Structures are given as structure tokens and as C-alpha cells.
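J.: Can you keep this structure in mind? I'll have questions shortly.
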Amino acid sequence: MTDQPKEYLEREDNATEILKALLVEVRNLRSEMRFANGGVLSCEEAASYLGISPRNLYHLVRQGKIRRVGLSQNRFGFRRVELDRYASEHEEVLSDDTDAVVNRLFAEANGD
């Protein structure tokens, strides 16, 4: 590979970077399409959608407050409609959770 012209290697590096950027964009678009179509979201996507941590989302599932759907034997997802239902019924809980996270991060940053 050392006997190849420098220009070729630079073009190859640029092509690799472009392909990586396109892959990230495709993944983002797939995620947006699932949101737009009311499809099934992953745990991370659902938690982000609600503004809570994945751990808190699983806690809500264990309490029976949010239903999940099976995708395969070991994989679960969350329907946007279900997340919207929970959010509309528990808006104050979600905002309190966000405030608690912000306060905890602020305290940690200040060494409290």
C-alpha cells in the first residue's frame, strides 16, 4: 500500500469518511421514520423520547405503568402511542424526574 500515490490514499480516506457519515445519517433517518410512523422504539429511543433514563423506563415497566412489546425472544420495544399515553397521564412525574437528574448532575459537578 506504500507504493500507491498519495492522492489515491487521500481520496480513499475521504471516501471512508463519507461512507461513515452516510451510515450515521441512514441510522438517524431510520430512527426518525419509526417515530413518524408510530412504530416500535428501542429502550434507549423510548427513554430519550420521554426524557428519562433507560433504567427509569424499565422501572416503570416493572410497575406496570408502561407496556412493552416483544420483538423476539430476548428483545422488547415500546410503541410510541403507549409512550404518549403515559406522558399525557404523568406529565408532572416526567418533569420532576428531569429536574431530579439535573439537580443530581449539578451536585456531582460541584462535588456535593
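Each reported figure results from applying straightforward, stated rules to the coordinates on display, with no laboratory input. None of the values given here were measured: they were computed from a predicted structure. Note that we place each Cβ from the backbone using ideal geometry, even for glycine, and neighbour counts take in every protein chain shown.
J.: May I ask you to compute the full-extension gain from R75 to E44, defined as 0.36 nm times their residue separation minus their alpha-carbon distance, rounded to one decimal in nm?
T.: Contour length minus the Cα-Cα distance gives 9.9 nm.
J.: Taking 0.36 nm per residue of sequence separation and subtracting the Cα-Cα distance, how much length would be gained by fully extending the chain between R67 and A15, in nm to one decimal?
T.: Full extension of this stretch gives 14.4 nm more.
J.: Compare the peptides 73-83, 47-57, 13-23 by average per-residue count of other Cβ atoms within 10 angstrom and give them in order, highest first.
T.: So the peptides 73-83, 47-57, 13-23, ranked by packing, come out 47-57, 73-83, 13-23.
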